[in-house]
Amino acid sequence: MYKAILLSIGSPTILGIYYEAMDKKAPKLIFILRVDGKTSDVLPLLFVAHNRDGVNIHEQLESLLTPEVLSQCRLCECLIDINFLEESKELQYILKKLDINYSSVSKQDIMQSDVDSKITEVNQKNLGLNRSIDSKADLLLQEHMKTCHMQHVKESLSIQNKIYMNDAMDCITQINFIELECNLAKALYLLSQFMPLDSIYYSRGVGSLSAIKLTHIFLHTLSLSSNVCIYATNSFYFSQTNEIKAFANMSFYLDTTRTDSTHPIITDSNAKDYIYIAPSSMHITNTTDTLGLLLPYRLIHNDFLESCTPLYVTPAV
């Protein structure tokens with residue numbers, strides 16, 4: 001069974017699919033969808049295949065995803081873990097069946113620093129400029145190169161894939177996501193291959209008041225009708241800047257001076273102690289968006305222990 005993290009506090013809506021392997025590690029991120037549009041239009045599309053018959057899912061989706069329905073939303077991005085894809089013959093067959101092309105996102109960039117270093121070393125030897133260095137200096141150089149390489153890996157993940165590493169054991173792991181070149185209908189069909197979900201983890205706020213309310217109603221309805229477990233945390237768990245767009249030129253901020261915890265548990269009673277509203281910083285746009293939010297590479301259950309109720313700091317609409 002697969003699990004999901006849903007970020008539906010503005011636009012675009014972000015859905016990450018997580019796979020739990022047999023190695024007893026926390027589920028890892030394997031598939032990402034970012035869809036732009038109204039929350040009321042996007043959520044039904046993302047979960048339209050949840051209770052459908054898997055055998056005839058393609059035909060059922062074709063009948064449901066009419067041009068009028070699809071015109072309300074726009075696919076921003078569809079990413080998949082290349083390692084997971086290479087291990088799944090079924091997914092490879094589906095991509096071929098749907099005529100979905102893909103291009104590398106980070107694999108070459110991640111390895112570029114090592115390649116450049118090796119080219120430089122070869123050139124030095126060819127020119128007779130290579131000098132002997134003592135073993136201690138050599139070890140220091142290797143350690144420095146390793147540090148630079150891992151920093152480059154993390155930067156590639158953060159900038160290109162909007163992912164952050166939340167498990168120290170993954171820092172030595174090469175994570176390569178590729179972008180699938182497809183339309184929204186094909187992306188939703190590919191998403192259906194991970195349905196039904198075992199559980200959904202989501203951000204209960206802060207963010208757009210209407211998006212938070214609609215997400216709350218939708219997920220609780222889905223939970224009751226499909227026996228899906230839901231778990232929640234606050235939006236700052238996904239923010240690297242502790243800033244979430246509120247309205248106009250204002251943003252929500254997390255007061256980190258009040259706690260030693262990296263991700264404090266926020267309740268209705270302490271919300272105003274931790275969260276305040278102030279003018280937005282320069283990097284936040286004039287519209288409510290989720291572009292600054294990152295998905296964690298590992299889905300850690302104990303990070304989602306907050307109440308599955310909307311988190312309102314300003315009065316609810």
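Anything over 28 Å Cα to Cα? Flag those among 162/213; 89/186; 38/245; 97/213, in the order listed.
Too far apart for the 28 Å limit: 97/213.
Placing +1 at every Lys and Arg Cβ and -1 at every Asp and Glu Cβ, with all other atoms neutral, what dipole size does the stretch 1-92 have around its Cα centre, in debye to the nearest 20?
Numbers: 9 positive and 13 negative charges, 75 e Å.
Dipole magnitude for the stretch 1-92 comes out near 360 debye.
Quick one: P(r) of the stretch 184-242 from all Cα-Cα pairs, 10 Å bins, percents rounded to integers, in order of increasing distance.
20, 39, 37, 4
Every read-out reported here was derived from the displayed coordinates using simple, explicitly stated rules and does not represent laboratory data. Everything numeric here is computed off the predicted structure, so don't read it as measured data. Methodologically, a virtual Cβ is constructed for each residue, glycine included, from the backbone with ideal geometry; neighbour enumeration extends over all protein chains shown.
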